[in-house]
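Let me begin by presenting the structure, written as structure tokens, before commenting on it.
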Amino acid sequence: MAKIATKTFKVPSEVTSYFNGKASTPAFSWLDVWAEEHAYKFTVAKTLELDVLNSFRSTISQAITEGKGFESWKPLIEKELVKQGWWGPRLVEDPTGLQPARMVNFSSDRRLKTIFWSNMNSARSAGQWERAQRSKRALPYALYLRTTSGDPRPEHLAWVGTILPIDHPFWKTHWPPNGWLCKCQVRMISAREANTLIGTKRVVGKNPDGTDIEVWYTDQLPELGPDITHRNRRTGEITTVPPGIDPGWHTNPGQARASTLIQNLETKLQVAAPEDANRVLKELWQDPYLKIAPRLAEKVWLPAAHSAPLAAELGAISPVVSITSEAIAERLVKHKLSVDDFALLPQILSEGAVFADPRGNASVRAVLLKLGKAWWRSFVTVSGNGYLRATSLHQIREVQAKAIREGKK
């Protein structure tokens with residue numbers, strides 16, 4: 001019998017890296033890991049044992065990587081949970097004592113589908129947002145598309161046809177999915193297509209009763225109404241959520257990943273051993289979600305290095321050196337550097353030789369390091385509140401490096 005060829009689809013690396021970049025975080029309730037935290041924490045409600053949580057994580061990661069659907073993933077997680085005695089009803093105690101013990105049944109299709117859907121779709125959403133950031137020069141607009149659900153939410157239908165720039169604040173909260181099992185989508189479009197669509201009405205399909213589905217395309221914000229105040233009953237945190245969005249789904253997964261990737265990192269680096277800090281920083285700069293930081297509309301501080309010698313030279317209160325996304329973006333354009341070049345900063349600033357500023361600024365130091373045949377130079381200054389800031393990165397000629405080493409201007 002002839003072997004039937006099957007077509008496989010390559011899963012975008014942005015999707016897999018988003019999911020695999022999360023840290024496993026056991027939790028009793030889905031409210032224990034909230035909103036933006038899902039961008040860098042992986043959790044499954046009622047899963048307090050790390051081995052069980054990691055079984056979910058590894059099998060979902062495999063499903064994402066291999067493009068598997070729910071029916072293909074279910075046997076994988078069933079095998080793991082059976083081995084660990086977690087296939088079937090189990091009583092789980094709340095370690096905080098806030099709630100009584102609850103029964104959980106991970107053999108329930110409904111529960112498994114919710115777990116699979118939420119993780120799969122948030123990863124796809126984050127991957128799409130990252131690709132949108134990379135391509136926004138050619139495709140600067142996002143178009144909100146009609147859901148494929150047979151029972152669409154009226155609030156979500158009101159957003160269909162909205163065309164706004166990718167960096168518009170609307171997408172911080174309304175980038176799909178916008179609730180549990182939401183099937184809404186967005187599509188990136190060119191300025192030319194946006195101009196063609198805006199102000200027109202078009203038929204995009206048929207309703208179950210045979211009538212036309214019409215979409216009005218507009219660049220005006222839809223009438224959103226006042227935000228709704230939500231109190232997290234587990235943490236007490238008060239959050240304002242736009243109407244029509246389920247609490248907890250009011251963040252953009254990709255944007256949250258990029259902006260929270262370095263959350264609390266500077267504090268941890270301050271007390272880390274230099275070799276540990278530099279290893280962590282090198283790994284951090286390989287994360288694709290850090291690489292898109294220079295493309296973000298808002299200013300972001302990024303950790304660049306850990307250097308006790310620079311801190312001592314400039315009297316800084318911390319050995320952590322940071323650089324702004326604006327400084328990186330400027331050099332990507334002006335000096336034709338790549339984001340991968342900035343991944344060298346941890347090594348340059350931690351291993352390079354420190355010299356006085358050739359321009360005579362006492363609060364600035366030049367750092368030189370030769371990597372292969374190329375000399376790299378970065379300037380580091382100390383801020384008014386005592387923190388080290390890298391302000392530049394350049395590849396320079398041998399004669400320039402020699403002048404700095406010899407103290408010549």
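Laboratory data are not the source of any read-out in this text; all were calculated from the coordinates shown. Keep in mind that this is a model prediction, so the values were computed, not measured. Every residue, glycine among them, receives a Cβ derived from its backbone with ideal geometry; neighbour counts consider all protein chains shown.
Treat the count of other C-beta atoms within 10 Å as a stand-in for reagent exposure and order T25, T96 from fewest to most.
On the way: T25 17, T96 10.
So the ranking, lowest neighbour count to highest, is T96, T25.
Just to be sure I understand: of the beta bridges DSSP finds with both ends in the chain, what percent are antiparallel, rounded to 5? The antiparallel proportion sits near 90 percent. Rounded to the nearest 20 debye, the dipole magnitude of the range 135-224 is 360 debye, with +1 charges on Lys and Arg beta carbons, -1 on Asp and Glu beta carbons, and the Cα centre as origin.
Farthest towards the positive end of the charge dipole of the range 338-409, among the residues G407, A353, S392, is the Cα of G407, using unit charges on the Cβ of Lys, Arg, Asp and Glu.
Taken one residue at a time, the phi angles of the range 42-55 give Karplus couplings (6.51, -1.76, 1.60, θ = phi - 60°) of 9, 8, 9, 4, 6, 10, 9, 8, 4, 4, 5, 4, 5, 5 Hz. Gly and Pro are set to x. Dividing the radius of gyration of the alpha carbons in the chain by their Kirkwood radius gives 1.03 for Rg/Rh. Shown here is the pair-distance distribution of the range 168-227: with all Cα-Cα distances grouped in 5 Å bins from zero up to the longest one, the shares run 4, 12, 17, 24, 23, 15, 5, 0 percent. For S318, the residues 5 or more places off, or on other chains, whose built amide H falls under 5 Å of its own are L388. Less than 5 angstrom separates the built amide H of I228 from those of V241, all sequence-distant by 5 or more or on a different chain.
The distance from the alpha carbon centre of the range 40-63 to that of the range 364-407 is 44 Å, rounded to a whole number. Per-residue ellipticity at 222 nm from helix content only, as computed over the chain with -39500 (n - 2.57) for each DSSP H run of at least four residues, stands at -10000 deg cm²/dmol. Charge tally around E330: other residues with Cβ under 15 Å, Lys/Arg +1 each, Asp/Glu -1 each, net +4. The alpha-carbon of K373 sits under 18 angstrom from the alpha-carbons of these aspartates and glutamates, leaving out residues fewer than 8 places away in its chain: D340, D341, E351, E398.
Could you work out the local net charge near A101, counting Lys and Arg as +1, Asp and Glu as -1, over the other residues with Cβ closer than 14 Å to its Cβ?
Local charge sum for A101: +1.
In this simple spin-label model, placing a label point 7 Å from the Cα along the Cα-to-Cβ direction at both Q286 and E193 gives a separation of 3.5 nm.
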